[in-house]
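The values are calculated or read from the model by the stated rules, or taken from the named source; none is laboratory data. Source: prediction; values computed, not measured. Please note: Cβ atoms are built from the backbone with ideal geometry, for glycine as well, and neighbour counts cover all protein chains shown.
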Amino acid sequence: MFTMHAMGFSPQTSGPEPIEYVSVLIPLIVLYFGVRSYRTTVCHGHMGFLEALMQCFKILIIGGIITVAAAIIFIDEFSKETSLMNFSGRIFGALLVGILFSLGISVLLTTKPNKVD
């Protein structure tokens, strides 16, 4: 949000800007490297689906808290004419994308396919 504001884009426009679609890559990259790191360091290369899914949800919860805090700061400091309600649709969309990424990354990084956990 802060980078887009510095580049001259604002959430008050009628539709999403093309630069906003780049922000979809952030949770994908963080989830992939976070779960892969957990699999190699803690699980020693062997991880089931539910264990990977739980780690994804932990990462999403922490990321969601940081996102909401950043949105509140952004609205208070830079965007006085809008409210958090205007961001709620985008935050909900990000939640859905995060859940879909969690499922995909959990399937991708599962090394024990016959064990659910």
task = Select from region 8-24 the residues that are exposed (fewer than 10 other Cβ atoms within 10 Å of the Cβ) and not in a loop (DSSP other than H, G, I, E, B) and write down the one among them that is modelled with the lowest pLDDT.
result = 18
task = Find the residue count for region 25-55, including only residues that are in a helix (DSSP H, G or I), closer than 16 Å to residue 106 by Cα and not polar (S, T, N, Q).
result = 18
inquiry  = Within region 62-117, take every residue that is among the polar types (S, T, N, Q) and part of a helix (DSSP H, G or I) and give me the one that is modelled with the lowest pLDDT.
reply    = 86
ask   = For region 26-52, which residues satisfy the criterion of being surrounded by fewer than 19 Cβ atoms within 10 Å (Cβ to Cβ), touching a residue at least 40 places away in the same chain (Cβ under 8 Å) and under 15 Å from the mean Cα position of the chain (by Cα)?
value = 28, 32
